[in-house]
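Enquirer: Before I ask anything, here is the structure I am working with.
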Amino acid sequence: MLIAAPEVRIPSKEAVERAVRDLEQRLGPSKVDVTEATRETYAVVFAAGRDDIKAALEICQQHDVPVTPRAAGTGRTGGAVPAAGGIVLATHGMSNLVEIDKNDLIAVVQPGVITGDLHAAALAEGLFYPPDPQSWKTCMIGGNVAENAGGPRAFKYGVTREYVLGLEVALMGGRIFRTGKRTVKGVTGYDVTSLLVGSEGTLGVFTEITLKLVHAPTEIATVMALYPDVRIAAAAVERTIAKGLVPRCLELMDAQTLEAIRRQGVAIDPRAGALLLSEVDGRNAPIDPLLNVLADTLDAGSISITAEKDAAKREQLWAARSTLSIATRKLTKYKLSEDVVVPRSRLVELLDQAARICEGEKVRHLTYGHAGDGNMHVNFLWNDEGERPAVDRAIDGLMRATVALGGTLSGEHGIGITKAAYLGLEQAPDFIKLQQDVKKAFDPSGLLNPGKIFPTGHGAC
Ligand SMILES: Cc1cc2nc3c(=O)[nH]c(=O)nc-3n(C[C@H](O)[C@H](O)[C@H](O)COP(=O)(O)OP(=O)(O)OC[C@H]3O[C@@H](n4cnc5c(N)ncnc54)[C@H](O)[C@@H]3O)c2cc1C
């Protein structure tokens, strides 16, 4: 099996007990959880502020105990799983929206702020924080920054990295730095902020995050296009991009995904074997010209096109996309969602390859995702443990096919534990070593979130 527990150094029980004792003394017992259920594997520190994080990183370094930062735990690649035990550093208690500056278009937040709460707070000021991972109701900004989260709107607005101006970050051992800036431009020193974005909790723990906001769009329209099959829908995506149109999102769902959604009670034309959901927006300017060209472009080969501007009706068009996670989760006992990206011109080839690989291994799959970015979530579904080796072979095949198509292993979920074994498929050994050296500069003892990103021996490619 390729996705096995990473080979990591487990701290001694005594070392963890000593760290827990010091943490309880410094932070107070209410911030340290060592319940029966977790005692054998890890303890949890509930950070209420920067000083708690600093203390946890100081004490754990002293006692040689690993630390795993955690936000909402919605990550898809096991980033917040304490692979080596030790201490889980929970940041959900740090949920203050410190500042929204309407003049400079900036938000300063603690890492435990829920992404949807930032959306709402910005909107209340007429502003907009575009990144919208589809877990936005529960996931947190700290986790979004650590994973460089994307979402449907990335097609027009880009991913989290484009909005992170500066970070306050605590390193293993307790040193605290400020990286980046509050200004729009700035090239002082290395761009350490960009390095930390997407570092999956392996370089430092964010204690405060400075984000760029934009003015909120004044008009939005949603377009839903139904097609008989996914290749025709993918061709519509390619046409849209080739024409230079920039809708704010371009989401694709295949026939198996639509079937799962229908079972959830969402009515979708039975003739449809694929669905494209797209949106255009604009500020203080009519969006109709763009909407009309988009609808025309999506029309070829479609069964139907529906466009809505009214907020409630737009939400109805989003119903299929919104129920997607629950709908697909109910299909089988086990589901693994992969997150590969290919150049947008090779989307059809990726879909064909995924189907071919899964047919060959007799593994059930469905595909949906951010087609405008070439970022597809291929979901593998199975019921019986005995099917697992075939699923692993299919995932391996998908990773190899993705790289062969000029793509990349992850668009937004990160590498974490689940993809570490595949890193060598995409990156040269020397380049992996360079990144491990960077990790050593931040965390010489390797105690921060060990077992993530880099292959650790088990089945590594
Ligand atoms: C239904 C569903 C839909 C999703 N849709 C999308 C999507 O559209 N786009 C997308 O990009 N992702 C999506 N995801 C994946 C996930 O929500 C994102 O990766 C999200 O950014 C994780 O945030 P979190 O708060 O849950 O972080 P966690 O899972 O708690 O942690 C993620 C990583 O961040 C690190 N971390 C957490 N806090 C800090 C901190 N303060 N400092 C440093 N490191 C830290 C952790 O160690 C871990 O490595 C989806 C997940 C689900 C369940």
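Enquirer: What does the accessible area of Asp104 come to, in Å² to the nearest 10, when a probe of 1.4 Å is used?
Expert: In the full protein context, Asp104 sits at about 90 Å².
Enquirer: How would the range 362-429 be classified by its alpha-carbon gyration tensor: rounded, prolate or oblate, with rounded meaning a/c under 1.5 and the a/b versus b/c comparison settling the rest?
Expert: It is oblate, given that a/c is not under 1.5 and a/b is not larger than b/c.
Enquirer: Please list the equivalent ellipsoid semi-axes of the range 407-448, computed as the square roots of five times the alpha-carbon gyration tensor eigenvalues, in descending order and whole angstrom.
Expert: Values for the range 407-448, descending: 20, 13, 8 Å.
Enquirer: Lys452: which lysines have alpha carbons under 24 Å from its alpha carbon, excluding same-chain residues fewer than 8 sequence positions away?
Expert: Candidates past the 8-residue exclusion: Lys13, Lys54, Lys335, Lys419, Lys433, Lys439, Lys440.
Enquirer: Provide, for the range 116-226, the number of lysine pairs with alpha carbons under 21 Å apart, each pair being eight or more places apart or on different chains.
Expert: Lysine pairs, 8 or more places apart or on different chains, close enough: 5.
Enquirer: If you average the C-alpha positions of the range 50-84 and of the range 214-250 separately, how far apart do those two centres end up, in angstrom?
Expert: The distance from the Cα centre of the range 50-84 to that of the range 214-250 comes to 40 Å.
Enquirer: To the nearest 20 debye, what charge dipole does the range 29-98 have about its Cα centre, counting +1 at the Cβ of each Lys and Arg and -1 at the Cβ of each Asp and Glu?
Expert: Here the size comes out at about 260 debye.
Enquirer: Per residue of the range 282-289, in order, report the coupling 6.51 cos²θ - 1.76 cosθ + 1.60 (Karplus, θ = phi - 60°) as ³J(HN,Hα) in whole Hz, putting x for Gly and Pro.
Expert: x, 10, 6, 8, x, 9, 4, x
Enquirer: If I model a spin label as a point 7 Å beyond the Cα along the Cα-Cβ vector, how far apart are those points for Lys137 and Ala390 in nm?
Expert: Output for this residue pair reads 3.4 nm.
Enquirer: Hey, another quick one. Starting from the Cα-Cα distance between Val246 and Ala124, subtract it from 0.36 nm times their residue separation and give me the gain in nm to one decimal.
Expert: Stretched fully, the Val246-Ala124 segment lengthens by 41.3 nm.
Enquirer: Just to confirm a number: summing +1 for Lys and Arg and -1 for Asp and Glu over residues other than Glu168 whose beta-carbon lies under 15 angstrom from that of Glu168, what do you get?
Expert: +2
Enquirer: Quick one: 3J(HN,Hα) in Hz for the range 60-65, Karplus 6.51/-1.76/1.60 with θ = phi - 60°, rounded, Gly and Pro as x.
Expert: Ordered by residue, 3J(HN,Hα) equals 5, 4, 4, 9, 6, 10 Hz.
Enquirer: On average, how much accessible surface per residue is there in the chain, in Å², for a 1.4 Å probe, leaving out ligands, DNA and RNA?
Expert: 42
Enquirer: Between the range 353-373 and the range 92-168, how far is it from one alpha carbon centroid to the other, in angstrom?
Expert: Cα centroid of the range 353-373 versus Cα centroid of the range 92-168: 31 Å apart.
Enquirer: Would you kindly derive the ³J(HN,Hα) couplings of the range 239-249 from the backbone phi angles with the Karplus curve 6.51 cos²θ - 1.76 cosθ + 1.60 (θ = phi - 60°), listing them in order in whole Hz, with x for Gly and Pro?
Expert: In residue order, the calculated couplings are 4, 4, 5, 4, 6, x, 6, 10, x, 7, 8 Hz.
Enquirer: Still on this structure: Counting each DSSP H run of 4 or more residues in the chain as -39500 (n - 2.57), what helix-only mean residue ellipticity at 222 nm follows after dividing by all residues, to the nearest 500 deg cm²/dmol?
Expert: -10000 deg cm²/dmol
Enquirer: Whose amide H sits under 5 Å from the amide H of Glu338, counting only residues 5 or more places off or on another chain, with H placed in the peptide plane?
Expert: Val378, Asn379, Phe380
Enquirer: Could you give the nm distance between label points at Lys102 and Glu17, where each point is 7 Å from its Cα heading toward the beta carbon?
Expert: 5.8
Enquirer: Report, to the nearest whole %, how much of the accessible area of the chain belongs to carbon and sulfur atoms, 1.4 Å probe, protein only.
Expert: Ligands and nucleic acids excluded, carbon and sulfur reach 53 percent.
Enquirer: Between Lys181 and Lys309, what length comes free when the chain is fully extended (0.36 nm per residue of separation minus the Cα-Cα distance, one decimal in nm)?
Expert: Taking Lys181 through Lys309 to full extension adds about 42.3 nm, to one decimal.
Enquirer: Shifting gears a bit: Starting from the 7 Å offset along Cα-to-Cβ, what nm value, one decimal, do you get for the label separation of Ile10 and Glu24?
Expert: 2.3
Enquirer: Further, regarding this structure: Using modelled backbone amide H atoms (1.01 Å from N, in-plane), which distant-in-sequence or interchain residues come within less than 5 Å of Gly282's amide H?
Expert: For Gly282, the qualifying residues are Thr218, Glu219.
Enquirer: About the Cα centre, and with charges only on the beta carbon of Lys, Arg (+1) and Asp, Glu (-1), how big is the dipole of the chain? Nearest 20 debye, please.
Expert: 100
Enquirer: Can I ask one more? Compare Val266, Val340 by solvent-accessible area with a 1.4 Å probe and give them largest first, with all protein chains kept in place.
Expert: Most to least solvent-accessible, the answer reads Val266, Val340.
Enquirer: For the range 310-377, what class follows from the C-alpha gyration tensor (a ≥ b ≥ c being the square roots of its eigenvalues): rounded when a/c is under 1.5, otherwise prolate if a/b is larger than b/c, else oblate?
Expert: Here the range 310-377 falls in the oblate category.
Enquirer: Using amide H atoms built in the peptide plane, which far-off residues or other-chain residues are under 5 Å from Gly198 H to H?
Expert: Ala146, Glu147, Asn148
Enquirer: For q values of 0.08, 0.09 Å⁻¹, compute log₁₀ I(q)/I(0) with the Debye formula on a Cα-only model of the chain, without solvent.
Expert: Once normalised to I(0) and log-transformed, intensities are -0.49, -0.62.
Enquirer: A follow-up question, please. Accessible area, 1.4 Å probe, largest first: how do Lys31, Lys185, Lys156 sort?
Expert: Lys185, Lys156, Lys31
The values are calculated or read from the model by the stated rules, or taken from the named source; none is laboratory data. These numbers were taken from a predicted model, which means no experiment stands behind them. No Cβ is skipped: glycine too gets one built from the backbone with ideal geometry, and neighbour counts run over all protein chains shown. When the accessible area is computed, the model is the full protein with side chains, heavy atoms only, and any ligands, DNA or RNA have been set aside. Shrake-Rupley method; radii C 1.70, N 1.55, O 1.52, S 1.80 Å.
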